[in-house]
Structure formats: structure tokens, C-alpha cells
């Protein structure tokens, strides 16, 4: 019997969340368990009212996206002499920029741990802003920057004013040096909108893999 033809090789490329090989975890967006004997297409396409995502980032902290913001951040970090956690701030900026691209621009609150809540710029705490990244950079440039020097996590709650909310936590694990994003999505979410959101993160952050670990149907 002739041996099967070898499969064509696929050029190596940056992994794209939700479709990359090696997606890990007990539940993934592309292999989602459906209770009961009938795993129908309709059940798999039901929208979610809540979804929890864990996103692993590679050690490469090359952040892509809005160069003026990154240049402004670099200047601010240099002026404030933030040496301990510049990577955490950098990832927070990349995350906010990615969420803003998906219309999550109203910051309900944000904080660092240890350190507590970070203030929003004057006049924006209630109505939100057009660009959350600019608000965070304003905090870094202001006298309120000191909690960032010892922070190990950055947390934020953002909304799109259309009934959707994202709670995001950026964590840094020291041993090994590793960064993880946790996102809780609330509102009405589909596989497509989750894919688009994580795709926006992948375009700006070094996403290694993403896993849907919890979900609740709407």
C-alpha cells in the first residue's frame, strides 16, 4: 500500500488567539463541551451572558500598535524612573489600546495591586473618555504614578455603553517570568465577538494561547 502523501508544511507565523495550534485548557472556544447527547449547531452558537478567558503571553514583550502612545509611555517611564514594573505598564497600555479598538472606551474603574485604585483624570470619572490609553498615560505622567512602582497586577473594568463589559486583569508571575491576562466578558457575547476581541489583543500583545475556561449561556 503506498504511503500517504506528506501534508504541506505551514509557514510559521505569530499564533492568533482562538485559532492557533496548541490551544490549552479544559474548555476552548473551538472545542466547547455541550451538555446532553445532542451537540447541535444551534446549541454551540448560543450567545453567552458571561465568558471567562485566560490568555497566556509569551516572554517577548514587543508591543505593537500606536507608536505615539508607546513613545509617550517610554518618556514618562524614563522621567519617573519606573524600573521595577515597566513591562506591566506596557502590557496595560497594549491591553487598553486593544479593548479601545473594540469600542470599550469607558473606564468604570482601574487599580493596581499592591497600591489600590488609580485616579481617573479630572472630569472623566463619570463619563469615561474617548481613549483610555491617554488616561492611563496621564496617570503615569502625574503625581499619582507612585503605586505603579511596586504593582504586580493591573485591573480595569471597561464598558462600551452598549450593555457589554470587560473586566481585565494583567498579572505578572515572577517564577518563571510570565504574564497572564484574565478577562471576564459580560453582556451578550458570541463566538465571533469573542474571537474579534482576542484577535484585537493578539494584534497588539504577544499572545501565546487563549482558553475559554468558564461560560454561561444567555
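Rule-based calculations on the coordinates, nothing more; no lab input. This is a predicted model, so every value here is computed, not measured. Here the Cβ is made from the backbone with ideal geometry for all residues, glycine too, and neighbour counts use every protein chain on show.
Projected label points at residue 71 and residue 113, each 7 Å from Cα along the beta carbon direction, are separated by 3.7 nanometres.
Take the Cα of residue 45, go 7 Å toward its beta carbon, and the backbone nitrogen atoms of the range 180-218 under 20 Å from that spot belong to 188-197, 216-218. Summary of packing: across the peptides 202-211, 153-162, the per-residue average of other C-beta atoms within 10 Å ranks them, highest first, as 202-211, 153-162.
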